[in-house]
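**Student:** The following block contains the structure, expressed as structure tokens.
The values are calculated or read from the model by the stated rules, or taken from the named source; none is laboratory data. Owing to the predicted nature of the structure, the values given are computational and were not obtained by experimental measurement. So basically every Cβ, Gly included, is an ideal-geometry build from the backbone, and we count neighbours across all protein chains shown. All accessible areas refer to the heavy atoms of the entire protein, side chains included, with ligands and DNA or RNA removed. Shrake-Rupley method; radii C 1.70, N 1.55, O 1.52, S 1.80 Å.
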Amino acid sequence: MLDLQRLRALHAVAVHGTVGAAAASLGHTPSAVSQQIAKLERETRTVLLERRGRGVRLTEQAEQLAAAAQQLLAIVERAETELEERRGLPAGRLTVAAFASAARGLLPAVLADLAVRHPALDTRLTEVDPHLSVDLVARGAVDLAIAHDWDIAPLPAPPGVEQAPIGEDLCDLLVPAGHPFAGRASVRREDLGGERWICQPPGRVCHDWLVRTLRAAGCEPDIVHQADENPTLVALVAAGLGVALIPRLGRGPLPAGVVEVPLDPLPVRRLYALWRSGAARRPAIAETVRTLQAHWPAVSARN
């Protein structure tokens, strides 16, 4: 009889691509996941992982077994959903994926609230890019994702995934204190040409939005510095190295030497909760979505 936890470990490696990322998603150490895979290899008398550089690759047999594991995990999820639905109370483990600023600015209060009101609910948070989190939900690697899109770059939900709005996050232009824009009440998008830009790397939602927005306004962005974390972007602006468009959620207080200037029109990104259609009846999903929506007005007012 194949062990379900070992199949879950293999499925996580198949979804996330590395043992380390799989371990993070499961709340285990990489060593523990490797041990589970090794035991599964002995039980099946099959090589499942092959070394490739610093990472691993699933063998053809492992790919087949991971696909079967996904089906088994979906059956288990349906059974757990039915039991939880009969009890009528949020319970069990709920894995949540969220992008960085939501993980910092929204989720701590939400998860703490859920822990107090529903002690039988075990929530587990992992930080991932919005595009990746949606795919993780669709593939059954996480139960719930917090993702976002922009007014000119919508984020579609794939088949089998449902979504609900959480709220709207505003975005401001950040400039050094001595910049010509620093004393203005607002700046039009058409006026942004010729600036030296600081933003996230290509492939990130914010980077793609910036490029699309400036090109739509007739400007080709000159991106001179790139970094993943918003605090790093703010620090680069404070050093006088360029300007940046940064959302308010999770941004925190601005340091001396950085001025916030509203754009006209003001950029908006929309936050969503996403989950698999098969888990829609689960009380843990419904209650977590309600709690996210209930906390958003207070979070938005602080930003």
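**Student:** Could you check, for the stretch 205-219, whether at least one of its residues is assigned to a loop (DSSP other than H, G, I, E, B), open to solvent by 30 Å² or more (accessible area, probe 1.4 Å) and among the charged types (D, E, K, R)?
**Tutor:** So far as the stretch 205-219 goes, no, none of its residues is assigned to a loop (DSSP other than H, G, I, E, B), open to solvent by 30 Å² or more (accessible area, probe 1.4 Å) and among the charged types (D, E, K, R).
**Student:** To continue, here is another question. What are the residue pairs meeting all of these: first residue in the stretch 206-221, first residue farther than 14 Å from A244 by Cβ, second residue of a type in the set (D, E), Cβ atoms under 7 Å, and 6 or more apart or on different chains?
**Tutor:** Short answer, once both residue conditions are applied: A217/E190; G218/E190.
**Student:** Only one of these is modelled with pLDDT under 85 and in contact with a Ser or Thr (Cβ under 8 Å, 6 or more places away or on another chain): G250, G203, G167. Name it.
**Tutor:** Among G250, G203, G167, only G250 is modelled with pLDDT under 85 and in contact with a Ser or Thr (Cβ under 8 Å, 6 or more places away or on another chain).
Yes/no per residue for (1) loosely packed, with under 13 Cβ neighbours inside 10 Å; (2) touching a helix residue (DSSP H, G or I) at 6+ places or on another chain (Cβ under 6 Å); (3) of a type in the set (S, T, N, Q):
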{"residue": "L48", "(1), (2), (3)": "no, yes, no"}
{"residue": "T59", "(1), (2), (3)": "no, no, yes"}
{"residue": "A62", "(1), (2), (3)": "no, no, no"}
{"residue": "A67", "(1), (2), (3)": "yes, no, no"}
{"residue": "A74", "(1), (2), (3)": "no, no, no"}
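**Student:** Can you report the number of residues in the stretch 1-33 which are over 25 Å from the mean Cα position of the chain (by Cα) and either surrounded by 14 or more Cβ atoms within 10 Å (Cβ to Cβ) or in contact (Cβ under 8 Å) with a residue 12 or more places away in the chain (or both)?
**Tutor:** 4
**Student:** So, one more: On the given criteria, is T232 among the β-branched types (V, I, T), open to solvent by 50 Å² or more (accessible area, probe 1.4 Å) and farther than 23 Å from V142 by Cβ?
**Tutor:** The answer is yes for T232.
**Student:** I need the full set of residues from the stretch 78-129 which are within 18 Å of A279 (Cα to Cα) and part of a helix (DSSP H, G or I), in order please.
**Tutor:** Passing the criteria: R78, A79, E80, T81, E82, L83, E84, E85, R86, R87.
**Student:** Right, next: Which one of D122, D143 is surrounded by 17 or more Cβ atoms within 10 Å (Cβ to Cβ), modelled with pLDDT of 90 or more and among the charged types (D, E, K, R)?
**Tutor:** Result of the check over D122, D143: D143.
**Student:** Name every residue in the stretch 268-303 that is crowded, with 21+ Cβ neighbours inside 10 Å and in contact with a Cys (Cβ under 9 Å, 6 or more places away or on another chain), in order of residue number.
**Tutor:** R269
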